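What follows is a short report on a single structure.
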Number of protein chains: 4
Amino acid sequence: MSLLPNSTTGDIVVLVGHPSTGSRTGAVGRAVAAQLGDEPGHSLRVVELAELGTGPLGEDGVAVQEAEELVRGAGLLVVATPVFKAGYPGILKLFLDRLEPTALEPVVAVPVILTASSAHGALADLQLRVVLQAVGALLPVPSFVLEEHHLDDLPQYVDAWQGRFGTAARAVVRALDAERVSAR
Amino acid sequence: MSLLPNSTTGDIVVLVGHPSTGSRTGAVGRAVAAQLGDEPGHSLRVVELAELGTGPLGEDGVAVQEAEELVRGAGLLVVATPVFKAGYPGILKLFLDRLEPTALEPVVAVPVILTASSAHGALADLQLRVVLQAVGALLPVPSFVLEEHHLDDLPQYVDAWQGRFGTAARAVVRALDAERVSAR
Amino acid sequence: MSLLPNSTTGDIVVLVGHPSTGSRTGAVGRAVAAQLGDEPGHSLRVVELAELGTGPLGEDGVAVQEAEELVRGAGLLVVATPVFKAGYPGILKLFLDRLEPTALEPVVAVPVILTASSAHGALADLQLRVVLQAVGALLPVPSFVLEEHHLDDLPQYVDAWQGRFGTAARAVVRALDAERVSAR
Amino acid sequence: MSLLPNSTTGDIVVLVGHPSTGSRTGAVGRAVAAQLGDEPGHSLRVVELAELGTGPLGEDGVAVQEAEELVRGAGLLVVATPVFKAGYPGILKLFLDRLEPTALEPVVAVPVILTASSAHGALADLQLRVVLQAVGALLPVPSFVLEEHHLDDLPQYVDAWQGRFGTAARAVVRALDAERVSAR
């Protein structure tokens, strides 16, 4: 599976940490990411961890390596996750465990969490942010945490979140990008 | 005093959440568990998640089901884990994700954490306790958190922890066991 | 103000960490504590931090010292708190800041949290447990966390929590008490 | 480049959450803040909670109100705190408890934590960020957490932190400021 030929640094990548494909979690992640791009029609690149084959993530299959490269090269990484047992799923941690502590240093990450319980959502959010920071990601804005019973009103929730945090998120992406360019 | 005579339910089980077999983490878990049993020679049952075959844990291979039954039936469950990226490994969460929210309701759990960084150990501990509680486990005492550079003095650290918390941990195991017996 | 003349070690003490007296938080704390006692009519001792005078807690007024002695000598300490800004109130931390890291080593603590938001309640719970553990308290059971809109059904919620955790909490209190007696 | 010319709104404010004046915590906070300003000689405004009089913070003395206004109007707020009992001090929470949930919505906050224990520092950091977010502050970069035994090398630690996170922090301050200006 070829994920992202001709990938450039700085794309928006949605990492879907759900063990099943076609999840509502992935749809929410894409909805948030679509609004975070500056330009209309900005294409998103999506990594569905559930599609990375039947082997464990720990095995270095080609698909996993490609996914990892995509995530490392993201300008903005939306990490979309459901909540299992007051945390994010094991499949997502399995993927993050592959990364060294500085792997995501140039990456701005925005967690997107879909949860049935607002208490468990808050706890999962806390955990995911700790771990993303431990692989070097910068998390400049609060996560987008949505309770499942609000799914029908997803666009309004995304708009409200963007209205408050979109400017800050984009400002950091641009500033880090400019820093990278000037460092070359 | 016999903690759990003639009972498969109620044994001490060590769940080793390390992706490799033969880990120091597993050895530390066994050392803590050995002292938590009342009787000399009390046999421990050990589940090494790394030994559960090459398939992902999500697949219902026989080994995984057996491991799950053992964990559900434990009187005292020592959950031994290293720290990866300021959290516990994905392989451990993958296993816990299989359990329903009440799966470990009769189980007393004691996390055992081996870490290179005391800050990351504290954060991983917080996360593991949240998730174990979300599958119903009771965590009556603080986790045994050991920094790797103290491994040579493991026995003294285990003794000190036991001296402070062993009584409480055993009291809860016995009280819950008595409650189970009287409920039959 | 004489708080507790003739206090014996091992009493149930309710520490109410609300800046106002007569709070619903205090009432919930008393309701949980009343059921945790073994004997009918077991008297509770209540420390209302809001009653400790107009000076800051940091000043060593007599009332504060008495309150501190009561808390240190508790067999079971119910720490009742509202949730302010996703945490427990400053007045409660001000009181805990007075204690040395081993101050509550012989004390079994049960947090009781009344919250408008279940997400903020979960986060405040996490924080309070971290800090209580840092002053030596043992927290053998999950906190009693109640959302305000369930206040009318308080008795049922207390019963359900007691049914699941009362045995374990009391077992630890008794075991530690026995340990203290045998250590004399 | 001028971060915030001719503006009381938008200044860099250091909020020192230590119960004593003249703390090393305050000095560390000032050192971090001094580098976050763009211009040499950019003046910092410092709020020492320990200086707000002898009454409890809950009383609306003039000094407390002035401090609150300064914090609300900050463009960049450095919140400097020691670690007491694995958390930040009660005096700091007492101050934050006064604020409504949206009080700091236009404010970029950077926690600065001085700790004897790296584990307790990590836990206090987690708690402080949760609470600052609950009063509306934006926390775009990881906190500056310093262990006390590194105090002699403070400048190098500040430089390293600035090198990694200064660009992002300033980018968010400027973007939010521009947004405010265009909203007028």
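Nothing in this text is a laboratory measurement; each read-out follows from the coordinates by a stated rule. Note that the structure is predicted; figures quoted are calculated from it, not measured. Note that we place each Cβ from the backbone using ideal geometry, even for glycine, and neighbour counts take in every protein chain shown.
Each of C:THR115, C:HIS150, C:GLN133 was scored by the projection of its Cα onto the charge dipole of the range C:106-166, and the greatest displacement toward the positive side belongs to C:GLN133; charges sit on the C-beta of Lys, Arg, Asp and Glu.
Starting from the Kirkwood radius over alpha-carbon pairs of chain B, derive D by Stokes-Einstein at 10 °C in a medium of 1.306 mPa s and give it in µm² s⁻¹. Intermediate values should be presented prior to the final figure.
Details: Rh = 16.4 Å.
The calculation lands on 97 µm²/s.
In summary, the lysines within cross-link reach of D:LYS93, defined as a Cα separation below 24 angstrom excluding same-chain residues under 8 places away, comprise C:LYS85, C:LYS93, D:LYS85. Among A:158-167, A:28-37, A:87-96, sorting by the average number of other beta carbon atoms lying within 10 angstrom of each residue, highest first, gives A:87-96, A:28-37, A:158-167. The dipole here belongs to chain D: it is taken about the Cα centre, uses +1 on the Cβ of Lys and Arg and -1 on the Cβ of Asp and Glu, and is about 320 debye. If R0 is taken as 56 Å, the Cβ-Cβ distance between A:LEU44 and C:SER43 corresponds to a FRET efficiency of 0.30.
Contact order, relative form, for the range A:88-184: 31 percent (alpha carbon pairs under 8 Å, 6 or more residues apart, mean separation divided by residue count).
A cut-off of 5 Å between modelled amide H atoms, ignoring neighbours fewer than 5 places along the same chain, links C:VAL78 with C:VAL13, C:VAL14, C:LEU15, C:VAL110.
Run the dipole for the protein assembly as shown about the Cα centre, Lys and Arg Cβ at +1, Asp and Glu Cβ at -1, nothing else charged, and hand back the magnitude in debye, nearest 20.
Details: 52 positive and 84 negative charges, 2 e Å.
Computed about the Cα centre, the dipole is about 0 debye.
For the listed peptides A:124-130, B:171-177, a ranking on the average number of other beta carbons within 10 Å per residue, highest first, reads A:124-130, B:171-177. Projected label points at C:ALA116 and A:LEU154, each 7 Å from Cα along the beta carbon direction, are separated by 3.0 nanometres.
Summary for A:ALA27: label point 7 Å along Cα→Cβ; distances to the equivalent points in the other copies, ascending, 4.4, 5.2, 5.8 nm. Within 10 Å of the Cβ of each residue in C:163-172, the mean number of Cβ atoms contributed by other protein chains is 5. Remark: label point of B:ALA63 defined 7 Å out from Cα along the Cα-Cβ vector; separations to the same position in other copies 2.2, 6.5, 6.7 nm, ascending. Working from Cα pairs under 8 Å separated by at least six residues, relative contact order for chain C is 23 percent.
Among the residues of C:74-86, the average count of other protein chain beta-carbon atoms within 10 Å of the residue beta-carbon is 3. Rounded to the nearest Hz, the phi-derived 3J(HN,Hα) couplings of the range B:148-155 under the Karplus curve 6.51 cos²θ - 1.76 cosθ + 1.60 (θ = phi - 60°) are 4, 6, 9, 4, 5, 9, 3, x, where x marks glycine and proline.
With the simple spin-label model, which puts each label point 7 Å out from Cα in the Cβ direction, the B:GLU147 to A:ARG180 separation comes to 3.6 nm.
Using the Kirkwood formula on the Cα atoms of the range D:80-184, what hydrodynamic radius do you get, in angstrom to one decimal? Let's see the in-between values first.
Working: mean 1/r = 0.0677 Å⁻¹.
Result for the range D:80-184, one decimal place: 14.8 Å.
To the nearest whole number, what is the average tally of beta carbon atoms from other chains within 10 Å of the beta carbons of peptide B:137-145? Please list the in-between numbers first.
Values: counts 0, 6, 4, 10, 4, 3, 0, 0, 1.
Taking all residues of B:137-145 together, the mean is 3.
C:GLU148 label point (Cα plus 7 Å toward Cβ) to equivalent points in the other copies: 2.8, 3.9, 4.8 nm, shortest first. Rounded to the nearest 5, what % of the DSSP beta bridges within chain D are antiparallel ones? Percentage antiparallel, nearest 5: 5.
When peptides B:78-85, D:105-112 are sorted by average Cβ neighbour count within 10 Å, with the highest value leading, the order is B:78-85, D:105-112.
Taking the DSSP beta bridges with both ends in the range B:62-130, the antiparallel portion is around 10 percent.
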